[in-house]
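Read the structure below first, then the notes.
The values are calculated or read from the model by the stated rules, or taken from the named source; none is laboratory data. On a predicted model such as this, the values are computed, not experimentally measured, just so you know. Backbone-built Cβ (ideal geometry, glycine too); neighbour counts: all protein chains shown. Note: areas computed on protein heavy atoms with side chains; ligands, DNA, RNA excluded. Shrake-Rupley method; radii C 1.70, N 1.55, O 1.52, S 1.80 Å.
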Amino acid sequence: QVQLVESGGGLVQAGGSLRLSCAASGIIFSINAMGWYRQAPGKQRELVASIQSGGSTYYADSVKGRFTISRDNAKNTVYLQMNSLKPEDTGVYYCKPTLRIDINWGQGTQVTVSL
């Protein structure tokens, strides 16, 4: 059974930083492209960053230059380093293999950025 466990969220002031972690089990982690998604209040879930098995990355324009996605295949973990946080980064952050629609979402981790 696939399990995705996100952690590292919290309340931070604008301009601050957080590092999110997502531990995956039940999949061959190393071959899966992994994505970080966020769902802001009242909005649809969106992809903010992804990393391919080979390490290539993608960032949404809204986070480019501020967020960094990375992975540790030995630990089956994907990370999202978030710097220069803005109030509009507030939301629940989820990780998921980007091409696996058969996998359910985890519980997510809440990020709240205050002014």
Scope region 102-113; condition open to solvent by 60 Å² or more (accessible area, probe 1.4 Å) and in a loop (DSSP other than H, G, I, E, B); matching residues: 102, 104, 105, 107
Are any residues in region 1-20 in contact with a Ser or Thr (Cβ under 9 Å, 6 or more places away or on another chain), open to solvent by 30 Å² or more (accessible area, probe 1.4 Å), farther than 15 Å from residue 87 by Cα and not aliphatic (A, V, I, L, M), and if so, which ones? 1, 3, 7, 8
I'm trying to understand the selection: among the residues of region 81-101, which are part of a strand (DSSP E or B) and of a type outside the set (A, V, I, L, M)? 81, 91, 93, 94, 95, 96, 97
Checking 50, 21 in turn, the sole residue that is assigned to a strand (DSSP E or B), touching a Gly at 6+ places or on another chain (Cβ under 9 Å), over 14 Å from residue 100 (Cβ atoms) and among the polar types (S, T, N, Q) turns out to be 21
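May I ask you to list the residues in region 24-47 that are in a strand (DSSP E or B) and buried (at least 16 other Cβ atoms within 10 Å of the Cβ)? If you could, list the steps in order and put the result at the bottom.
Let us first name the residues in region 24-47 that are in a strand (DSSP E or B), namely 24-25, 34-39, 46-47.
Of everything in region 24-47, those that are in a strand (DSSP E or B) and buried (at least 16 other Cβ atoms within 10 Å of the Cβ) turn out to be 24, 34, 35, 36, 37, 38.
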Would you be able to say whether some residue in region 48-61 is more than 18 Å from residue 27 (Cα to Cα) and touching a residue at least 60 places away in the same chain (Cβ under 8 Å)? no
